[in-house]
Amino acid sequence: MRSGADDILGPTAVADPYSYFAELRATDPVHWIASYRSWFVVRHDDVSEALKSEDFSSDRIAPVIERLRSKDRPDISLIETLELLNGWLVFRNPPEHTRFRRLVHKAFSPRMIAAMREEVVSVAGELMDLAVARSSPDRPTDLIHEIAYPLPAIVIAGMLGVPPEDRDLFKDWSDDISALVFGALDDEGRHERARHGMSELVRYIGELLDRVRLQPGDDLATALVESRDGEDGLTNEELIAICVNLLFGGHETTTNLIANSMLGLLKNPEQKELLRTDPAIIGAAIEEFLRYDGPAKSVVRVVAADTELGGKSMKRGDRVFLMLAGANHDPEVFDRPDELDLRRKPNKHIGFGAGVHYCLGASLARLEASVVIPLMLERFPECELGSEQLEWDPVLLTRGMKHLPVFLHADR
Ligand code: HEM
């Protein structure tokens, strides 16, 4: 059993979670960390089993709301923010989740996503032009700021029918909510920011939906409003929740996929050269990026009924972090798990989760990454890492850097 080494958010584990999880996998693969009052699961088999089991519930906001309500002086504004989060698809359990997801899936269809390819190519090209115009030979370009961050935000906002001039509004609101969703619930400072971000976003989306009801377009917001299963359709509350969830879900994760993948290539020049000279392998390459250093470090569940996982007894109400990053480097499933191998086959990674909550935006994320990464290598074949000092976000749920400094060595 580990004890002093339980610093899962310490600088060493944040910089290199894979070595940390490898040690945990070898010593105690279903591990209780008392300071988090949570289980941490790192084997592929155990994580996959839990993702597909009804014993592990996604409804983890409602118990927090209940606990907050029972306090002497409940924080009403935090409760209101959490109630809005509680409506997100990702926090619902079947059968409610099944109906909700079916209706959303009808609108967020593969056809609608495939139709975005040209738009993604054009946005990526414009962002690269801007990055080149602002670059200088003696100062590295921050690839996150210039390309990986704006691209997914512009794409999902455009899909929903948000006019370009309003896009910047989302950045601040979304960052505020992110502090609550990906951070700790007990940080007072974050509550007010999250409440503000959430209420502004909800107000904006409400107005957007009113507009498309009056003037339907060929955008995702209209498709969601019009989505029907027989007589059944999405309620106004569900529409707002899913739009916020999509705007939010489509943001930071895809940013990190693009940035982490580019970092993987910059640190493995022979793999970079392989992809640059044979861009046809991009499909397999994206799957490997998701496995090797994917953006979703973990997903959270709450034990719904006393159960057992990997030989450990878990009690109803226990919180469980299913470490996708640990599972994706499990040597029982992957040969040479710590190597980036763009031709890896088979590749049973679970970077998008598994089971009923499998990422709804997976094909959009794949599309964006498969356009932007080869384009970057085509335009900046000589690009190099600008600094070895990379700052990773010290959080449990996502894996992302604050900046990615790169010398583009672009021909102007
Ligand atoms: C590389 C980028 C992405 C990664 C790694 C990722 C990862 C994930 C994971 C691991 C889950 C499962 C959560 C759970 O089981 O609790 C999930 C669910 C979800 N994702 Fe993504 N995601 C990405 C991009 C996107 C995009 C672009 C969108 C939308 C535009 C999106 C929307 C969603 C939604 C709505 C869910 C909830 C699905 C449900 O509960 O049925 N994601 N994502």
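The values are calculated or read from the model by the stated rules, or taken from the named source; none is laboratory data. Small disclaimer: the values here were computed from a predicted structure and weren't measured. All Cβ positions, glycine included, derive from the backbone under ideal geometry; neighbour counts span all protein chains shown. SASA here: full protein model, heavy atoms, side chains in, ligands and nucleic acids out. Shrake-Rupley method; radii C 1.70, N 1.55, O 1.52, S 1.80 Å.
Taken together, the criteria exclude S199 from residues that are part of a helix (DSSP H, G or I), modelled with pLDDT under 90 and under 20 Å from the mean Cα position of the chain (by Cα). Would you mind stating whether A305 is in a loop (DSSP other than H, G, I, E, B), touching a residue at least 24 places away in the same chain (Cβ under 8 Å) and open to solvent by less than 50 Å² (accessible area, probe 1.4 Å)? Against the criterion (in a loop (DSSP other than H, G, I, E, B), touching a residue at least 24 places away in the same chain (Cβ under 8 Å) and open to solvent by less than 50 Å² (accessible area, probe 1.4 Å)), A305 qualifies.
Note on region 1-96: enclosed helices (runs of 4 or more DSSP H) holding 1 or more residues that are at pLDDT below 90, open to solvent by 20 Å² or more (accessible area, probe 1.4 Å) and within 30 Å of V202 (Cα to Cα) are 62-69, 76-86. For region 345-393, a residue qualifies if it is polar (S, T, N, Q) and within 18 Å of the chain's Cα centre (by Cα), and the qualifying residues are S363, S370. Of all residues in region 132-152, those satisfying the criterion of being buried (at least 22 other Cβ atoms within 10 Å of the Cβ) and not hydroxyl-bearing (S, T, Y) are L143, I147, A148, L151, P152.
Give me the residue from region 90-121 that is away from the ligand (no atom under 11 Å from the Cβ) and touching a strand residue (DSSP E or B) at 6+ places or on another chain (Cβ under 9 Å) and, out of that set, nearest to A62 (Cα to Cα). Top of the filtered list is R99. Could you list, in sequence order, the residues of region 344-384 that are part of a helix (DSSP H, G or I), within 16 Å of the ligand (Cβ to nearest atom) and either of a type in the set (D, E) or without any contact (Cβ under 8 Å) to a residue 24 or more places away in the chain (or both)? Of everything in region 344-384, those that are part of a helix (DSSP H, G or I), within 16 Å of the ligand (Cβ to nearest atom) and either of a type in the set (D, E) or without any contact (Cβ under 8 Å) to a residue 24 or more places away in the chain (or both) turn out to be A362, E368.
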